[in-house]
Amino acid sequence: MRTMASTTPILVAMLLATTGCYFSGSAKLIRVPKGAVIEIYEVVPTQANNTKPAAEPVTGNPIHLLTPPLIVTSDIDTIGLDVNRDQPDQPMLMINLTTGGAQKMLAATTNPTASHLALIVNGQVVSVPKIVTPIQGSMVVTGGRGKNAAFDNACQVFAGK
């Protein structure tokens with residue numbers, strides 16, 4: 001049996017000013033397009049009154065999203081689509097948070113109550129990455145191209161299309 005952690009990409013906090021080694025440098029950072037809705041939820045292990053059901057996008061396994069969302073569209077400063085220089089076929093969804101969004105994310109991921117987050121774009125679960133380090137102002141979500149229609153759709157939003 002595969003666990004959620006083994007089937008999902010890792011959400012990594014990136015210090016964009018000091019680490020550019022993974023990026024191709026071709027990303028165009030944009031504001032979230034009008035009408036697009038981006039949310040980030042904490043994923044908890046069991047259903048409760050303050051959760052809503054969803055499905056992990058690759059496996060279809062049920063997950064439980066802690067409500068309200070941790071991050072909403074207004075907490076996002078810019079988004080972009082780039083590729084990993086070492087793996088050019090691997091798209092990377094880049095998210096830069098506002099000051100308020102960064103504070104909320106750092107508080108939630110410094111001593112996390114959840115082990116995973118869920119990135120939701122336009123109502124679809126795009127990725128359920130594991131929290132591996134405290135996240136503050138910027139993050140990158142990788143993986144899923146061709147195996148996950150929601151990730152492919154999110155790539156279009158992050159590219160400004």
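Every read-out reported here was derived from the displayed coordinates using simple, explicitly stated rules and does not represent laboratory data. None of the values given here were measured: they were computed from a predicted structure. Heads up, the Cβs are rebuilt from the backbone with ideal geometry, glycines too, and the neighbour counts pull from every protein chain shown.
Some observations on this one:
- Peptides ranked, highest mean first, by Cβ atoms within 10 Å: ranges 27-35, 77-85, 105-113: 77-85, 105-113, 27-35
- Percentage relative contact order, region 70-156, counting C-alpha pairs under 8 Å, at least six apart: 29
- Residues whose amide H falls under 5 Å from that of I76, counting only those 5 or more places apart or on a different chain, are T98, with hydrogens built in the peptide plane.
- Fully extended contour minus Cα-Cα distance, from S115 to N153, at 0.36 nm per residue: 11.2 nm
- If R0 is 30 Å, the Cβ-Cβ spacing of K28 and A107 corresponds to a FRET efficiency of close to 0.50.
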